[in-house]
Structure formats: C-alpha cells, structure tokens
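Just so you know, all these numbers are worked out from the coordinates, no wet-lab data involved. Because the structure is a prediction, the values reported are computed rather than measured. Here the Cβ positions follow ideal geometry from the backbone for every residue, glycine too, while neighbour counts run over all protein chains shown.
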Ligand code: FPP
C-alpha cells in the first residue's frame, strides 16, 4: 500500500492584528456524515480529527487562548449512543494528544460542568489540566458540557454564597467567577456549519467579540479555513461601542454636565 504523505500546510500568512483569544463552535459533524451516507458518530470522529491541526495553526499565529466547544449542556439531550460517542472521543483525544500537546507547551483547561462528565472522562480531564498547568505557549480550553447561561448562573451563585452585597456586584466581579476567569475575553468567535446563531456559547464573554460564520462543516475546516477567518478578523475595525475620535477622558469630566 502506498501511503500518501500528509499535505504540507500552506505558508503562514502575516496578520496585522492577531486575536488573543479565538473561540470556535465546531458545528456540522452530523451533516458532514449524513451527506456521505455515514453515521453521525463518524462525523464526530472526523470532527475530533480536525481539532489537532487547528490547535497547531492558531498557536503558530501567536493566539494566546483557543476555546473549542465540543459538547454543550443542551447536547446531553441527544440520543444516548450519540452522547456516548462524543464523550468517548473526548477521552480518546486526551489519550492520543496529551503528551504531544504538553511537549508543545499547550496548557489544557476545561470549561463547563466537569461533575456531570462520567468518571472515566473526568479523571482524564483532571489529569490533563494538572499535567499541563505550567505550560504557557497556548491555553486550550475544551468546552465540554458547557453552556454560557449556566456559566453566568454559577458565577452569580458563587457571589451569593460568598455573601457579596448587591451594590458591590460589578461586571468585573462576575467575570472573575466565570469559567474563563483571568483569561482575555474572546476577540474572535468562529462558527462552522452554516448556522448564524450564538447558541449559548460564551454569551457573557463574547459581548464584544467579532463573529465569523462559515458554511464549511467542521470536519472540513482546516488550516486554510482558519487562516481565512483570522485574516478577516485582522481587517475588521473594532470600536467597542465608541466612534472614531471618541475621547473616553470626557466621561469623568463633569464640566459638560
Ligand atoms: C456539532 O455538530 C458538534 C458536536 C455536538 C460535537 C463536537 C465534537 C467533536 C468535534 C469531537 C469531540 C470533542 C472533543 C473535545 C475531542 P452537530 O452534531 O450538531 O452537527 P449537525 O449540525 O450537522 O447535526
């Protein structure tokens, strides 16, 4: 059998602006499989294969944080066999890639309800987090059993438990109790698979993110596609609610009152 060499990655394009945090909704595995007459589980397997090259590429671009959403709180409602196949892929991903990710300086983190994961996956997630905790080349958040609203509810519950008085609750304080505490907010949120919606992903953190929607189904989303998303981002002008020539100093100037 002749084994074809893996195609070489295209040259790394220069980006004028590199997002610090990129978050991806990996959508379209099911349709990718169905269009080929395969089972949905095959689509998820192909989706898991697509993750590694994207991690490598965003790291090469100098992105600091990559969040990959593999399983939402709502996905628990899918047929049991499909849920199992996705959870097993999470386990296999860690088993196959932990060592090389660690060697490449990737720090693994988990976003979401780790307690809801079966013990055989939870243990691996915890091992991966421990093992890579001092790495700093790229932070890789695996959002598994993650929902944006649940994240906010958890944060508010923590503050209530801590007895924080209502008037001391600020955006910064809520942010400091979210799963992403201490990380830069997502600058770029990519969603593959053709749907143009947010679906409860990082709903607090992505308030000022740039969105990039593509019809490409996740298993087909490769190096060239992620480069295109990053290049599009680097061309966008972000204003954070301001206009050109805004003078934020006047906000504290009472002379205009
Ligand atoms: C959305 O596609 C994708 C998922 C619900 C699962 C994503 C899982 C992986 C990429 C692999 C496992 C994850 C890890 C962390 C290793 P869909 O099933 O909603 O596709 P459809 O919209 O075409 O039906």
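A simple packing score, the average count of other Cβ atoms within 10 Å per residue, orders the peptides 195-202, 164-171 as 195-202, 164-171, with the highest score first.
Note that the range 28-120 shows a convex hull volume over its alpha carbon atoms of 112 Å³ per residue. Mean residue ellipticity, 222 nm, helices only, the chain: the sum of -39500 (n - 2.57) across DSSP H runs of n ≥ 4, divided by residue count and rounded to 500, is -12500 deg cm²/dmol. In terms of other Cβ atoms within 10 Å, 226, 63 run from fewest to most in the order 63, 226.
Once the Cα atoms are used to define both axes, helix 80-103 deviates from the longest principal axis of the chain by about 80 degrees.
Of 39, 14, 44, 97, the sequence from fewest to most neighbouring Cβ atoms within 10 angstrom is 14, 39, 97, 44. As a proxy for reagent exposure, 74, 56 were ordered by neighbouring Cβ count within 10 angstrom, fewest first; the result is 74, 56.
Working note: Cα gyration tensor of the range 90-190, eigenvalues times five, square-rooted, sorted largest first, giving semi-axes of 28, 16, 12 Å. Under conditions of 37 °C and 0.692 mPa s, the range 67-126 yields 265 µm² s⁻¹ as its translational diffusion coefficient, taking Rh as the Kirkwood radius over Cα pairs in the Stokes-Einstein equation. Diagonalising the gyration tensor over the Cα atoms of the range 21-256 and scaling each eigenvalue by 5 before taking the square root yields semi-axes of 31, 23, 18 Å, largest first.
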